[in-house]
Amino acid sequence: MENSTGPIEITGKDSIWACTCMSSWLWPICDGSHHTYGGEGPEEVVLDPAKTYRLCQCFKTANRPFCDGSHLR
Ligand code: FES
């Protein structure tokens with residue numbers, strides 16, 4: 001069961017730029033905030049466009065940028 005802070009699903013993407021500075025308003029996707037607030041730039045995460053992925057929205061995952069179910073705990 002997912003709650004309001006559960007993951008978002010994406011599909012049809014061959015890569016995403018994952019935030020590593022923890023300042024993005026679109027976390028876990030980079031929104032360029034590292035240019036304003038400092039910190040490391042984003043990390044490219046290669047995906048299979050044929051697959052659906054669940055991206056973490058709660059900041060608790062140990063497998064960033066993907067949901068690992070920690071939002072349920
Ligand atoms: S949304 Fe599932 S672990 Fe963060």
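Entry remark, the stretch 18-73: residues being modelled with pLDDT of 95 or more and aromatic (F, W, Y) number 2 in total.
The residues on offer are C21, C67, and the sole one that is touching a Gly at 6+ places or on another chain (Cβ under 8 Å) and without any contact (Cβ under 8 Å) to a residue 24 or more places away in the chain is C21. Step by step: first the residues of the stretch 11-34, then only those that are among the polar types (S, T, N, Q) and touching a helix residue (DSSP H, G or I) at 6+ places or on another chain (Cβ under 9 Å), then the one that is surrounded by the most Cβ atoms within 10 Å (Cβ to Cβ). Which residue is that? Across the stretch 11-34, the extreme among qualifying residues is S24.
The values are calculated or read from the model by the stated rules, or taken from the named source; none is laboratory data. These numbers come from a predicted model, not from an experiment. Ideal geometry is used to build each Cβ from the backbone, glycine not excepted, and the neighbour counts take in all protein chains shown.
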